[in-house]
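Read through the structure below, which is laid out as C-alpha cells, and then see the notes.
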C-alpha cells in the first residue's frame with residue numbers, strides 16, 4: 001500500500017511555510033555587512049536562501065516524521081505482523097521517500113549551498129579587490145610606474161566601471177601611459193637559447209629545404225629563398241652535400257634583398273625597407289623587434305604573404321617566452337578559483353611555494369590554459385631557507401608536453417610519478433612576463449621582494465615538476481574540500497601531502513561527505529520507526545496546528561543531526577589513525593552495517 005500521498009503533502013506544505021517564514025525573518029532582521037552595502041537586497045536574498053538550505057535536512061526530517069505518522073495511522077486498519085508482506089511494502093515506501101529526501105539534502109549541501117556561498121564571496125571580493133586595485137594604481141602612478149598603474153586601474157574599472165574616483169585616476173594615468181615606451185627593461189629576463197627555425201619547419205629534410213630555396217629564388221621571393229637556405233645551413237652538418245649551394249644561394253638572395261625592387265612608389269619602397277628591417281631582426285633572433293615590425297606591417301598590408309608568414313613565425317617565438325597583456329582583460333569577473341596555494345618539490349632539491357589570488361581557466365582550450373592573478377612565488381633550498389621571492393600581476397599557465405622537456409626533468413618525473421594517463425603526460429609551464437600586443441617595449445614581469453643573491457635570479461617562465469592533472473585538482477581544492485567533487489577528493493587525498501597539504505584532513509573530509517547520505521538514511525529509517533509507534537488515528541485529518549508543533553521538532557532534529565555528525569567526525573579521525581589509507585573502506589562497511597541494523601529494527605516493530 002502506497003503511503004506517498006500524505007507524507008509528500010506534509011513535506012510540501014511545511015517547506016512552503018518555512019521558506020516564507022525564514023525568508024521574511026532573515027530579510028527584516030539580518031544586518032548587512034558594510035562591504036555589502038551596495039548590494040543590500042541581493043545579500044539578504046542570498047542569506048535567506050542559505051539559512052533555509054541550512055535547515056532543509058531538519059525541515060525534511062520533521063515533516064517526514066509527522067507525515068509518516070499520519071500515513072501509517074490511516075493505512076493500518078488491521079494488525080500487521082513483523083516482517084509481513086504489508087510491513088515489507090511499508091518499508092519499501094519508506095526507503096523510496098527517504099531517498100527522495102536524501103537527494104534533496106545532497107543537492108543542497110553539494111550544489112546550492114556552495115554556489116550561494118561562492119556568490120557571496122565574489123561580492124565581498126569585488127569590493128575588496130576594487131579598493132586594493134585603486135590603491136595600487138595610485139601608488140604606481142605616484143612612483144611613475146605607469147605600466148603597472150594602467151594594469152591596476154583597468155582592473156579596478158572592470159569591477160566598477162562607473163566609479164568616479166577610478167575614472168579620474170585613469171585619465172591621469174592614460175596621459176602618461178599613451179606615449180610611454182619602456183626601451184630598457186628594469187630587470188633582465190632569463191635568457192633562453194633560441195633558434196630561428198620554426199617548429200613547423202623542423203620536418204623538412206635537407207633536399208626539401210634546398211628545393212624550396214631554389215623555387216623561391218626563381219620566383220624572386222628573396223625573403224623565403226634566404227630563409228630556407230639559412231635554415232638548411234643551421235640544421236645540417238658541414239659534410240652535407242647541399243651546404244655549398246645553400247651558402248651561395250643565401251648570399252645571392254641577401255644581396256638581392258639589399259636592393260629595392262624597381263617600379264615601386266615611395267610608400268611601397270618604405271614598406272619594403274621596413275619588411276627587410278623586420279626580416280633582419282628575425283634572422284638575428286630579435287624576435288620581439290621582428291614581431292612588432294611585422295605586426296604594424298600586417299595592419300597596413302594584410303594581403304602581403306611575406307608579411308603574414310614572418311608575423312606568424314615571430315609570434316610563434318614570442319608565444320614561447322611571453323603572453324600578451326590583452327589576454328587577461330576583464331578576467332577578474334570570470335575567475336573560477338580563489339586563493340590557490342601549494343608547494344612543489346624542485347628536481348634539484350628544495351621546493352617552490354606558490355600562491356595566487358584568483359585563477360581563470362580557458363574552458364574552450366579544455367582547461368589546458370589558465371591565467372593566474374597576483375601570483376607570488378617563494379623558492380626554498382634543501383635546508384628550507386628562503387632563496388628568493390617574487391610576484392607578478394598576471395601569469396599564464398599552459399599544459400606543456402613532457403617529452404619536450406630536458407631528459408633529466410623527464411627522468412625525475414617518471415621516478416616520482418606514475419604517469420599512465422594521457423593527460424598526465426603534460427606538466428604546468430608558467431609564463432611570467434606579459435607584453436603589449438601593439439606597443440614595443442611594454443613588459444610586465446617578476447618583481448622580486450627578496451633575493452639572497454641580489455640580481456642572480458632571472459625568470460620569464462617557470463616549469464613545475466608535477467602532472468598537470470594534479471594541478472587541476474589543486475585548483476578545485478581551493479574551492480574548499482567540502483565542495484570538491486567526491487571522486488576528485490578521493491583521488492587527491494592520497495597525494496595531498498606531496499603538495500604541502502594534510503592527507504588526514506582530506507581523508508577525513510571525504511569520509512564525512514561520503515557518510516552524510518548514509519547518516520540521513522539511518523535517521524530517516526529510525527524516524528519511520530518512531531512514526532510507526534506513534535501513529536495518528538485512522539480518522540485523524542491533517543490539522544494546520546501541526547505546523548505550529550513542527551518547528552519544535554525541526555530544532556530538536558537539527559541539534560540531534562548536528563550532534564550525530566559531530567560524533568562521527570571525531571570517530572573518523574580515530575579510524576584514520578588506526579587504519580590509514582583503507583580507513584574510508586572500513587568506515588563505509590560500518591555505515592552499511594548500521595543501515596542494515598536500522599532496517600531490521602523498523603521491520604521488527606510491533607503493530608500494536
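Does the range 1-16 hold any residues that are at pLDDT 85 or above and either surrounded by 15 or more Cβ atoms within 10 Å (Cβ to Cβ) or not assigned by TED's automatic domain parsing to the domain that holds residue 73 (or both), and which are they? Result: 7, 8, 9, 10, 11, 13, 14, 15. None of 347, 401 is closer than 17 Å to residue 499 by Cα and surrounded by fewer than 17 Cβ atoms within 10 Å (Cβ to Cβ) except 347. Would you say residue 352 is modelled with pLDDT of 85 or more, touching a strand residue (DSSP E or B) at 6+ places or on another chain (Cβ under 8 Å) and closer than 22 Å to residue 460 by Cβ? For residue 352, the condition - modelled with pLDDT of 85 or more, touching a strand residue (DSSP E or B) at 6+ places or on another chain (Cβ under 8 Å) and closer than 22 Å to residue 460 by Cβ - is met. Out of curiosity, is residue 310 within 29 Å of residue 428 (Cα to Cα) and part of a helix (DSSP H, G or I)? It is true that residue 310 is within 29 Å of residue 428 (Cα to Cα) and part of a helix (DSSP H, G or I).
If you go through the range 375-396 one residue at a time, do you hit one that is modelled with pLDDT under 85, over 24 Å from the mean Cα position of the chain (by Cα) and surrounded by fewer than 17 Cβ atoms within 10 Å (Cβ to Cβ)?
Checked the range 375-396: no residue is modelled with pLDDT under 85, over 24 Å from the mean Cα position of the chain (by Cα) and surrounded by fewer than 17 Cβ atoms within 10 Å (Cβ to Cβ).
Yes/no matrix, rows are residues, columns are (1) buried (at least 19 other Cβ atoms within 10 Å of the Cβ); (2) within 23 Å of residue 368 (Cβ to Cβ); (3) in contact with a strand residue (DSSP E or B) (Cβ under 6 Å, 6 or more places away or on another chain):
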position	(1), (2), (3)
467	yes, yes, no
477	yes, yes, no
482	no, no, no
488	no, yes, no
500	no, no, yes
508	yes, no, no
521	yes, no, no
526	no, no, no
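Rundown of residues vs (1) more than 46 Å from the chain's Cα centre (by Cα); (2) in a helix (DSSP H, G or I); (3) at pLDDT below 75; (4) surrounded by 17 or more Cβ atoms within 10 Å (Cβ to Cβ), yes/no style:
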residue	(1), (2), (3), (4)
184	no, no, yes, no
244	yes, yes, no, no
250	yes, yes, no, yes
263	yes, no, yes, no
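Listed here are the residues, each with its yes/no results for (1) over 17 Å from the mean Cα position of the chain (by Cα); (2) in a helix (DSSP H, G or I); (3) closer than 18 Å to residue 338 by Cβ.
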site: 473; (1), (2), (3): no, yes, yes
site: 484; (1), (2), (3): no, no, yes
site: 501; (1), (2), (3): yes, no, yes
site: 521; (1), (2), (3): yes, yes, no
site: 524; (1), (2), (3): yes, yes, no
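The single condition among (1) more than 24 Å from residue 51 (Cα to Cα); (2) surrounded by fewer than 16 Cβ atoms within 10 Å (Cβ to Cβ); (3) modelled with pLDDT under 85 that residue 96 does not satisfy is (3). Assess whether residue 515 counts as being touching a residue at least 40 places away in the same chain (Cβ under 8 Å), in the same structural domain as residue 104 (by TED's automatic domain parsing), crowded, with 17+ Cβ neighbours inside 10 Å and touching a helix residue (DSSP H, G or I) at 6+ places or on another chain (Cβ under 8 Å). Yes, satisfied. Taking (1) out of contact with any helix residue (DSSP H, G or I) (no Cβ under 6 Å at 6 or more places or on another chain); (2) closer than 23 Å to residue 397 by Cα; (3) in a helix (DSSP H, G or I) in turn, residue 430 satisfies each apart from (3). Residue under question is residue 55, and the condition is that it be at pLDDT below 90, within 35 Å of the chain's Cα centre (by Cα), farther than 22 Å from residue 604 by Cβ and in a helix (DSSP H, G or I); does it hold? The answer is no for residue 55.
The values are calculated or read from the model by the stated rules, or taken from the named source; none is laboratory data. Predicted model only: the values in this text are computed from it and were never measured. Cβ sites come from the backbone with ideal geometry, for glycine too, and all protein chains shown count toward neighbours.
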